[in-house]
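Let me begin by presenting the structure, written as structure tokens, before commenting on it.
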Amino acid sequence: MAAFVLLVWACGETASPVVPQPSPSPPSNTCTASGYASLNWALPQPASNPAPTLKSASVSGDTLKLTFFSGTPQFQVTLQSNARFSQGASGQPVNLAGSAGARIVLTGFRGDHPNYTGPKTLTSTGPVLLQAAAIGDFEGYVTWGVGLSRPACANVTTSGSTLTLHFIKT
């Protein structure tokens, strides 16, 4: 038997193990228009949980980062040619810094209490993302407006309970 193994090895007929290759990450310069809720997005949450579902929001450079209580919600990013928005159900105008904009609509929230209680307006030094504002939290929808210095789109990634929107010029 040892001679057979030695013969097979010498002839180069050994079977090499199949090593799965990691799937490639999406390119960081692709635009994302929408995405589904993660599997651990278990909302709306029971009324016994008074904590806001959207724990925090922050901006850094051209990135808006939204961190949630558990998982990430379904979202849609709609680009627009200006940085003018309407405030939720009231319809009050919201003018953000910039000459272009993006509306981010997050779905699957509770409609009976505020889902985000942090700062309503965030300012960035860009160069593309200039300002982000929480502009709606009504009937299970949480909406953000983003003021952009030029036409751009968002490359959206998710990790755990964080939704990261990196704005790139188009």
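The values are calculated or read from the model by the stated rules, or taken from the named source; none is laboratory data. The model shown is predicted, which means the values in this text are computed figures rather than measured ones. All Cβ positions, even for glycine, are placed from backbone atoms using ideal geometry, and neighbour counts span all protein chains on display.
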All positions within region 137-146 that are over 12 Å from residue 63 (Cα atoms) and in a strand (DSSP E or B): 137, 138, 141, 142, 143, 144, 145
Region 69-114 - residue that is more than 13 Å from the chain's Cα centre (by Cα) and charged (D, E, K, R) and, of those, farthest from residue 38 (Cα to Cα): 84
Residue within region 110-131 that is touching a helix residue (DSSP H, G or I) at 6+ places or on another chain (Cβ under 9 Å) and surrounded by fewer than 19 Cβ atoms within 10 Å (Cβ to Cβ) present: no
Where a residue in region 61-88 is closer than 15 Å to residue 131 by Cβ and modelled with pLDDT of 95 or more and its partner, wherever it lies, is of a type in the set (A, V, I, L, M, F, W, C) and not in a strand (DSSP E or B), with Cβ under 6 Å and at least six apart: 62/128; 83/96
Conditions (1) at pLDDT 95 or above; (2) surrounded by 16 or more Cβ atoms within 10 Å (Cβ to Cβ); (3) within 18 Å of residue 85 (Cα to Cα): number failed by residue 155: (3)
Flag if residue 129 is among the aliphatic types (A, V, I, L, M), in contact (Cβ under 8 Å) with a residue 40 or more places away in the chain and more than 13 Å from residue 53 (Cα to Cα): yes
The lone exception for residue 150 - which of (1) of a type outside the set (Val, Ile, Thr); (2) touching a helix residue (DSSP H, G or I) at 6+ places or on another chain (Cβ under 9 Å); (3) loosely packed, with under 15 Cβ neighbours inside 10 Å it fails: (2)
